[in-house]
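First up is the structure itself, then whatever we jot down about it.
The values are calculated or read from the model by the stated rules, or taken from the named source; none is laboratory data. Predicted, not measured: the structure shown is a model, and the values here were computed from it. Quick reminder, even Gly has a Cβ in these numbers, built from the backbone with ideal geometry, and neighbours come from all protein chains shown.
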2 protein chains.
Amino acid sequence: MLLIRLCILLLVPTLCRGSRILVVPVDGSHWVNMEVMLRELHSRGHNITVLRSAKSWYIPSNSSIYTSINVHMLEDESNRDSFITLINDVMECRRSLTFTRTFCQQHLLTSLMWNAHHIIARSISLMLDDPVFIKKLQDARFDLMLTDPALNMGVFLGSYLKLPMVFNVRWINTGEGHFTIAPSPVSYVPVTTSELADQMGFMERTKNMLHYLHSVVEQHFLVSPAYSDLLQRHFPPGTDVLSLQRAADIWLVRTDFVFEFPRPTMPNVFYIGGFQCKKAKPLPAELEAFMESSGDHGVVVMSLGTLISALPPEVTEAIAAAFAQIPQKVVWKFLGERPASLGNNTLLVNWLPQNDLLGHPKTRAFVAHGGTNGVYEAIYHGVPVLGLPLLFDQFDNLLRLKMRGAARVVEAKSLTKEEFLEALKDILETPSYRKNMQHLSHLHHDQPVSPMDTAIFWIEYVIRNKGAAHLRSAGFNLPWYSYFNLDVAVFIMGLVGAFFWILVLVCRILCCGGFRRKIKAE
Amino acid sequence: MLLIRLCILLLVPTLCRGSRILVVPVDGSHWVNMEVMLRELHSRGHNITVLRSAKSWYIPSNSSIYTSINVHMLEDESNRDSFITLINDVMECRRSLTFTRTFCQQHLLTSLMWNAHHIIARSISLMLDDPVFIKKLQDARFDLMLTDPALNMGVFLGSYLKLPMVFNVRWINTGEGHFTIAPSPVSYVPVTTSELADQMGFMERTKNMLHYLHSVVEQHFLVSPAYSDLLQRHFPPGTDVLSLQRAADIWLVRTDFVFEFPRPTMPNVFYIGGFQCKKAKPLPAELEAFMESSGDHGVVVMSLGTLISALPPEVTEAIAAAFAQIPQKVVWKFLGERPASLGNNTLLVNWLPQNDLLGHPKTRAFVAHGGTNGVYEAIYHGVPVLGLPLLFDQFDNLLRLKMRGAARVVEAKSLTKEEFLEALKDILETPSYRKNMQHLSHLHHDQPVSPMDTAIFWIEYVIRNKGAAHLRSAGFNLPWYSYFNLDVAVFIMGLVGAFFWILVLVCRILCCGGFRRKIKAE
């Protein structure tokens, strides 16, 4: 049996080695893990072409693992600093009451997305309207489109080029749920950014329903119109954004059910959460010496990933002051002015080998914003998290760890030294956080195939089988009222109604007839 | 990466070797594949105890791979011949029109199940009311209950003993769908025995909805009452059959999406269709000589599995006469009186090495009743099927192969020689059947882990982690109206209604006020 598996692993992939893969990534933290996947694909002999913006934030134009082509992208009309503004606005929102807070945040995200969708639609138009560019891509005879559908560029381009498609996906901005991935009952599947768990009371389910209805309205009135002209000009009638997303052959979802709440899924969805994690490598000598100098107290690692300089100065000061009061040493990924209250135990660095640090035996806790990459590295290495969520799904991510007793979460909006210190001491001194996180870590490692092998297997599967249409649900071809069987329900209720109406009519005639006869008889 | 996988496979299982597994199988064809799984578990060092009936049809009391305990079971109060009667009744049903046929068949199955559930409930009562027996099981300190929930004995016993549970399941008689496995939208998930595909028109969706409503009514008025006394006496208040089934840690479903229509699934459901198949071994010399004697024409294999003697004599004669007219040789698994019309090319045997025969290069077609075991062996070896469905899910199984162009299906009810011969020739002479089946076979083999390895991995996973509660959906704790969010929908519609009512009221007051003022002014 083992031999058979070994043969599958060794022999089958050779059948599709040297395939040509077109990649449309999303910049920022999304690129961090896409690059890990591309590195693995390159090592297996595939030829990779990456579409990037000339003004890309993170995606280098020269790489030993791929060829790049510059195209107009979101990054051309926005910049990383806009995230800082957004984070400040989100913090402002979070100062208000729960109910208005939700609306305020949702409004911010909606405006951001409205803008983004229009830029993306313009970018796609620029590509599809350029016959030379399209000819170049067609002539390259790609075997696969690998894309992150958080933004829609790859989805449109892949469909236009009629390429088999694999999504490397954390979340999508349009139509997540029923009509793209799998049934998502609103009663126990919390909508992304709702900050709800899977066990909800009546009012929480109502909140989740409102989030869901909001996403439907947003999809219909905000997302779809942004692409309508583009769709009309370049795609067959009846095509919409959702139908293009549904055309994916395989969804590789960057999550794992030791972390995500159990939810319905589909045969063409595979879970690769933590695929980017690996065993810790030795640290650079200087950093290793710093770690060792912490003695039995150990080290706290802090990183906000690609949102490194997102915190307002007063929060940075509070954090620095709190760090100064713990016996542990601290390694802090930091950009900007050195906080005045910084203690001697804290080392500021503008880059850190996060995976290796989290896997170091001296590491006791991870202060993080709750981005997916960091969360999975923490799970992989079993390090409890003190969460400082800032944007998007980070609030949801940290809620999941908190629900499992593996994290504390503090609000960045008005963080004081005392609050942060209390939470930090709690994480460091209460053994259950570490124990729970190590349990998650143990379960996360207990898989028949590693997440990276799963990802590569299904990418190569789609290449060698030219798609995976047989795994795609027939439910996606139905209009929404048929999908929910409303037409049938109305029909059956109509029949039942008609039956009872006739029954009553007959009874009446019989009774009245009888009654009349009775009266006559009397 | 490969090395890591190899280590996982080699090392992790050793952690739970020598575990004690309690098995409650279902007799007949269900036992055929359960035994294959037990053989594999035994080879990995687990200690297996099987509960069986003293009058068991197929499960031997003495085995080198397990210890058996005799208990009262369904087999004590029914016999294999009752299947023959049932098949005849089903054939009678299938002579009527489509609409009445469905009702007729459903009525037969319902009566059968009503009887079965009462016997099973009695059997479980006998076990749970016997303190010596229960003490014996408790003292054995089992690590796992492995059961086939087609009948409920293992489900009840596993829950009562509070054992982690793994289901080896093809279908269940109670509550399949929304409330036990995964959301099963009636618009594209055909109900078992509905003989519908995933792509349905309006009337087909209506038919499927009626099947679904029938199953709900059956569950409520037929299944639940059979167990109510038992549940009241031995389980906490509020327990019902569905909640016991939902307690399964892992569902190992004997299907594969090269065969099954894509449908929603859950993180604790794994698909092991074809796990019992293996490469063909050499045939006994005599049989091999017969195969070789067929020359280029090849051989047709016919088997109705455990329903070997189910066909009425006139149908048997028609089949024999048709076989006599083809140039191929035929191996027919047969019990009973030798058909008068049997040709020289046909070899009757009362047992055949089905897997080895289907894997033989001379085999051209498989005439089968469409039981799951045979269907997967045909897929595994890429042999096209001529289906002769008789009972239960066999009609559904063969429909799936037919939809993929890999099978023809004939009705046994009134089969004539001409009909059978035409279908047989079609299967043998039209290359697309073989081509399509070999495509399915190719996809079926293209999996990262073999179905058997998947099964064993998750069984041992549940043993070493003492369950898999984190993979269980929170949706299952909700009452049905909350699961479907009907309470929230009513609440939101109420709010919206109230809003508009107030709006109209305010408008009226303002308008009327204005109107009155206007009148006054005039």
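Overview of values
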item	result
Complete set of residues in segment B:37-48 that are part of a helix (DSSP H, G or I) and touching a helix residue (DSSP H, G or I) at 6+ places or on another chain (Cβ under 8 Å)	B:Met37, B:Glu40, B:Leu41
Qualifying positions in segment A:269-286 - in contact with a Ser or Thr (Cβ under 8 Å, 6 or more places away or on another chain) and assigned to a loop (DSSP other than H, G, I, E, B)	A:Ile272, A:Gly273, A:Phe275
Residues located in segment B:450-483, provided they are outside any helix (DSSP H, G or I) and hydroxyl-bearing (Ser, Thr, Tyr)	B:Ser450, B:Ser473
Filtered residue count, segment B:345-362, keeping only those that are farther than 17 Å from B:Gly274 by Cβ and in contact with a strand residue (DSSP E or B) (Cβ under 9 Å, 6 or more places away or on another chain)	10
Lone qualifier among B:Ser159, B:Ser125 - being more than 26 Å from B:Leu252 (Cα to Cα), in a helix (DSSP H, G or I) and touching a residue at least 60 places away in the same chain (Cβ under 8 Å)	B:Ser125
Residue satisfying all of: in segment B:197-212; among the polar types (S, T, N, Q) and either within 22 Å of B:Leu109 (Cβ to Cβ) or within 17 Å of the chain's Cα centre (by Cα) (or both); nearest to the other protein chains (Cβ to nearest Cβ) among these	B:Thr206
Given (1) under 27 Å from the mean Cα position of the chain (by Cα); (2) over 21 Å from B:Ile463 (Cα atoms), index of the condition B:Asp129 fails	(1)
A:Asn465 within 11 Å of chain B (Cβ to nearest Cβ) and at positive phi	no
Enumeration of residues in segment B:235-269 that are within 12 Å of chain A (Cβ to nearest Cβ) and without any contact (Cβ under 8 Å) to a residue 40 or more places away in the chain	B:Phe257
Single condition B:Lys329 does not satisfy, out of (1) in contact (Cβ under 8 Å) with a residue 40 or more places away in the chain; (2) more than 24 Å from the chain's Cα centre (by Cα); (3) buried (at least 22 other Cβ atoms within 10 Å of the Cβ)	(1)
Residue in segment B:147-162 that is under 20 Å from B:Val23 (Cβ atoms), among the hydroxyl-bearing types (Ser, Thr, Tyr) and within 22 Å of the chain's Cα centre (by Cα) present	yes
Any hit, segment A:18-40, residues being over 23 Å from A:Leu157 (Cα atoms), modelled with pLDDT of 80 or more, outside the structural domain of A:Ser414 (by TED's automatic domain parsing) and under 25 Å from the mean Cα position of the chain (by Cα)	yes
Residue identified as within 11 Å of chain A (Cβ to nearest Cβ) and among the basic types (Lys, Arg) among B:Arg472, B:Arg408, B:Arg434	B:Arg472
Some residue of segment B:396-411 being within 23 Å of B:Gly295 (Cβ to Cβ) and in contact (Cβ under 8 Å) with a residue 24 or more places away in the chain	no
Residue list for segment B:59-77, filter: farther than 16 Å from B:Ile124 by Cα and surrounded by fewer than 18 Cβ atoms within 10 Å (Cβ to Cβ)	B:Pro60, B:Ser61, B:Asn62, B:Ser63, B:Ser64, B:Ile65, B:Thr67
Some residue of segment B:270-292 being away from chain A (no Cβ under 14 Å), touching a residue at least 12 places away in the same chain (Cβ under 8 Å) and of a type in the set (S, T, N, Q)	no
Selection count where residues are among the aromatic types (Phe, Trp, Tyr) and closer than 28 Å to B:Thr454 by Cα, scope segment B:38-72	2
Given (1) in contact with a strand residue (DSSP E or B) (Cβ under 9 Å, 6 or more places away or on another chain); (2) crowded, with 18+ Cβ neighbours inside 10 Å; (3) in a helix (DSSP H, G or I), number of the condition B:Gln105 does not satisfy	(1)
Spans of helices (runs of 4 or more DSSP H) in segment A:354-418 with at least 2 residues surrounded by fewer than 20 Cβ atoms within 10 Å (Cβ to Cβ)	A:394-403
One residue from A:Leu51, A:Leu86 being within 25 Å of A:Val241 (Cβ to Cβ) and in a helix (DSSP H, G or I)	A:Leu86
Filter result for B:Ala455 (surrounded by fewer than 22 Cβ atoms within 10 Å (Cβ to Cβ), over 28 Å from B:Thr316 (Cα atoms), small (Gly, Ala, Ser) and within 14 Å of another protein chain (Cβ to nearest Cβ))	no
Some residue of segment A:221-234 being within 14 Å of chain B (Cβ to nearest Cβ) and either in a loop (DSSP other than H, G, I, E, B) or surrounded by fewer than 18 Cβ atoms within 10 Å (Cβ to Cβ) (or both)	no
Residue check for B:Tyr227: in contact (Cβ under 8 Å) with a residue 60 or more places away in the chain and either small (Gly, Ala, Ser) or under 22 Å from B:Asn152 (Cβ atoms) (or both)	yes
Residue within segment B:182-192 that is surrounded by 20 or more Cβ atoms within 10 Å (Cβ to Cβ) and either acidic (Asp, Glu) or more than 22 Å from A:Leu478 (Cβ to Cβ) (or both) present	no
Residue among B:Ser215, B:Ser194, B:Ser184, B:Ser243 that is under 17 Å from the mean Cα position of the chain (by Cα), small (Gly, Ala, Ser) and not in a loop (DSSP other than H, G, I, E, B)	B:Ser215
Selected residue (criterion: farthest from B:Ser82 (Cα to Cα)) from residues of segment B:105-130 that are in contact with a helix residue (DSSP H, G or I) (Cβ under 7 Å, 6 or more places away or on another chain) and among the hydroxyl-bearing types (Ser, Thr, Tyr)	B:Ser125
Search result, residues across segment A:435-447 that are crowded, with 19+ Cβ neighbours inside 10 Å and within 11 Å of A:Ala407 (Cα to Cα)	A:Met437
Index of the failed condition, A:Ser64 passing every other in (1) free of Cβ contacts under 8 Å to residues at least 40 places away in the same chain; (2) in contact with a Pro (Cβ under 9 Å, 6 or more places away or on another chain); (3) part of a loop (DSSP other than H, G, I, E, B)	(2)
